[in-house]
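Here's the structure we're looking at; comments come further down.
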Amino acid sequence: MRPLVAGNWKMNGLASSLAELVALKAALAAKAPACDVLVCPPFTLLAQAAVVKDGFALGGQDCSAKEGGAFTGDISASMLKDAGASHVIVGHSERRQYHGERDGDVAAKAGAAWRAGLGAIICIGETEAQRYAGDANNICASQVDGSVPGAATAANTTIAYEPVWAIGTGRTPTTADIIAMHGHIRNCLVRRLGEAGRGIRILYGGSVKPDNAADILNLPEVNGALVGGASLKASDFLSIITALKQV
Ligand code: PGA
């Protein structure tokens, strides 16, 4: 399984930030990475980023579940595709937390992504309170059941396991906990999807930085990373990409 390292710029980035993508492109051209590389800039930069894009793919950070129409402020999956995206993140914990998105909404957005020809990166992960209560496995299992449509395959879906308490905090689970949770999510995918569940990439996300990337990314159960803050600077993002051992 070829890993994927994806950058999520969140609500950061102006036209001047395109210089980071130019730097990323140059570095990837100089040395081929051991993984697929994806950048998810804000919607406003997608079309300009598509002009620069080479050696990496582009994604949106969210999409509407609707195809189009009177939904002021929303962006459809086909608009993302038209602007140059091949992927879209759905169900990020910040969407779940600040926009009240529930598993059913996330599944509907994944379906909309597929209909537009985009790959869906479906995010799941427990809160700190849920982990302390011993509920992390149950929460992730129910998020897989509720957020991942039954037609998910390796070609159209990636899972990002992002413990909410690790996002933007500088804290990460132990490698033993990451191994255990990725194994659990794999079992949940296989139970839900059958054989198709074996080929779906499971990314780790939450405070992946240049100094911890080698430890996390080279775990056999980890098929890549979803990187927030450390994806904004090409130099940091490249350090994470190159932390992956060539296989
Ligand atoms: P972080 O964010 O790397 O800044 O912790 C990860 C994410 O939310 O995707």
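Here the spin labels are modelled as points 7 Å beyond Cα on the Cα-Cβ line, and at L14 and D211 they lie 3.0 nm apart.
Extents of the chain, largest first, come to 45, 44, 33 Å (Cα atoms, principal axes, whole angstrom). Pop out the carbon and sulfur fraction of the accessible area of the chain as a percent, whole number, probe 1.4 Å. Exposed carbon and sulfur together represent 54 percent of the surface. Suppose R0 equals 22 Å. What FRET efficiency, 1/(1 + (r/R0)^6) with r the Cβ-Cβ distance, do R2 and A180 give to the nearest 0.05? So, using R0 = 22 Å, E works out to roughly 0.40. Convex hull of alpha carbon positions in the stretch 30-107: directionally averaged projected area 6.3 nm². Look at where the Cα atoms of the stretch 93-159 and of the stretch 227-247 average out, and the two centres are 24 Å apart. Checking every one of the chymotrypsin sites (Phe, Trp or Tyr not before Pro) in the stretch 108-215 against DSSP loop status and a limit of 13 other Cβ atoms within 10 Å picks out no site at all. Qualifying trypsin sites (Lys or Arg not before Pro) in the stretch 1-77, where qualification requires a DSSP coil assignment and no more than 14 other C-beta atoms within 10 Å, comprise K31, K66. Mean residue ellipticity at 222 nm, helices only, the chain: -12000 deg cm²/dmol; runs of at least 4 DSSP H residues each add -39,500 (n - 2.57), and the sum is divided by the number of residues.
For the stretch 155-247, trypsin sites (Lys or Arg not before Pro) meeting the loop criterion (DSSP other than H, G, I, E, B) and having at most 16 other Cβ atoms within 10 Å: R171, K233, K245. Projecting the alpha carbon convex hull of the stretch 108-247 along each direction and taking the average yields 8.6 nm².
Centroid-to-centroid, using Cα positions, the stretch 1-32 and the stretch 180-212 are 23 Å apart. Projected over every direction and averaged, the convex hull enclosing the alpha-carbon atoms of the stretch 1-51 yields 3.8 nm². Taken per residue, the accessible surface of the stretch 61-225 reaches 42 Å², heavy atoms only and a 1.4 Å probe. Calculate I(q)/I(0) for the stretch 200-239 by the Debye formula, one identical point scatterer on each C-alpha and no solvent, and give its log10 at q = 0.18, 0.22, 0.23 Å⁻¹ to two decimals. Result of the Debye calculation: -0.44, -0.64, -0.70. Largest accessible area first, the residues L24, L193 order themselves as L193, L24 under a 1.4 Å probe with ligands, DNA and RNA left out. Based on Cα contacts under 8 Å between residues 6+ apart, the chain shows a relative contact order of 21 percent.
Residues considered: V222, V39, V52. Largest GNM mean-square fluctuation over the chain, using C-alpha springs under 10 Å, is found at V52. Near E126, the amide H atoms lying under 5 Å from its own belong to V164; only residues 5 or more places off or on other chains count, and H is placed 1.01 Å from N.
Were the residues from K233 through Y98 laid out at 0.36 nm apart, the gain over their Cα-Cα distance would be 46.0 nm. For the stretch 133-140, 3J(HN,Hα) computed residue by residue from phi via the Karplus equation (6.51, -1.76, 1.60; θ = phi - 60°) reads 7, x, 9, 4, 5, 5, 4, 5 Hz, glycine and proline entered as x.
Between R191 and V22, residue separation times 0.36 nm minus the direct Cα-Cα distance comes to 56.6 nm. Taking 0.36 nm per residue of separation and subtracting the Cα-Cα distance, full extension of the segment from T169 to A34 would add 45.9 nm. Taken over the C-alpha atoms, the stretch 106-147 has Rg and Dmax values of 12.8, 39 angstrom.
The values are calculated or read from the model by the stated rules, or taken from the named source; none is laboratory data. Since this is a predicted model, take the numbers as computed values, not measurements. Glycine gets a Cβ as well: all are built from the backbone with ideal geometry, and neighbour counts include every protein chain shown. Protein only, heavy atoms only, side chains kept; ligands, DNA and RNA dropped before computing areas. Shrake-Rupley method; radii C 1.70, N 1.55, O 1.52, S 1.80 Å.
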